[in-house]
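The block underneath contains the structure these notes are about, expressed in structure tokens.
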Amino acid sequence: MKLLTTIAAVLISIAAFSQDLIEYDNGTFTQNGEELSMEQIGVLTLLNKAGRWNFRRGNRLIRMHKNNNLRLGNNTLNFVGGAWAGSVGGVVLVGTGMYIGLVERVLFDAIGSGAIGAGLCAVSYKAFSRIASSPEGCLRKRDKEFYKVADKLNEAIKASNQ
């Protein structure tokens, strides 16, 4: 039994290392030691239908790193939108809780408005998470997005090979 397990482990490791995996490190994508351009990665995301949103977001963060006005405009818009959605969502949630607490039975209207309030709070959280306070913050967020792109592309390539 140990022999079968060992053979299976060796075959799986050989299959894993023989695939052409895309790796990302510090601003560059590589495949089998060769550097890939951003255009090639863009084409791969379109062909494999994987990581397109993350790729676009990463490229936007590169532009925000280079252009201070774009970063400040993005931060202002996300702050104002996040503050508005959070305050309105919080008021709706508190109002729903008070309404449910004052009325003996739970009405579907109260549940619906609670869901709307919770959704607005989630939108607020997402908006605040998109604020990059410094150019280095843009690079950190870019790296997170591009790591996701590499992972999604590798998953898509593995799925297409099987």
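The values are calculated or read from the model by the stated rules, or taken from the named source; none is laboratory data. None of these values were measured; they are calculated from a predicted model. Reconstructed Cβ throughout: ideal geometry from the backbone, glycine too, with neighbour counts over all protein chains shown.
Name the single residue, out of those in region 35-94 being assigned to a helix (DSSP H, G or I) and charged (D, E, K, R), that is surrounded by the most Cβ atoms within 10 Å (Cβ to Cβ).
Here the answer is R71.
If a residue must be under 15 Å from K126 (Cβ atoms), among the β-branched types (V, I, T) and in contact with a helix residue (DSSP H, G or I) (Cβ under 6 Å, 6 or more places away or on another chain), how many such residues does region 44-87 contain?
0
Between residues in region 129-140 that are outside the structural domain of G27 (by TED's automatic domain parsing) and at negative phi and residues that are surrounded by 14 or more Cβ atoms within 10 Å (Cβ to Cβ) and small (G, A, S), which pairs lie under 6 Å by C-beta distance while being six or more apart or on different chains?
If the second residue must be surrounded by 14 or more Cβ atoms within 10 Å (Cβ to Cβ) and small (G, A, S), the pairs left are C138/A132.
Could you list, in sequence order, all residues of region 32-65 that are over 29 Å from A156 (Cα atoms) and either without any contact (Cβ under 8 Å) to a residue 60 or more places away in the chain or in contact with a strand residue (DSSP E or B) (Cβ under 6 Å, 6 or more places away or on another chain) (or both)?
none
Check region 100-109 and report whether any residue there is farther than 30 Å from L70 by Cα, assigned to a helix (DSSP H, G or I), modelled with pLDDT of 85 or more and of a type in the set (D, E).
no
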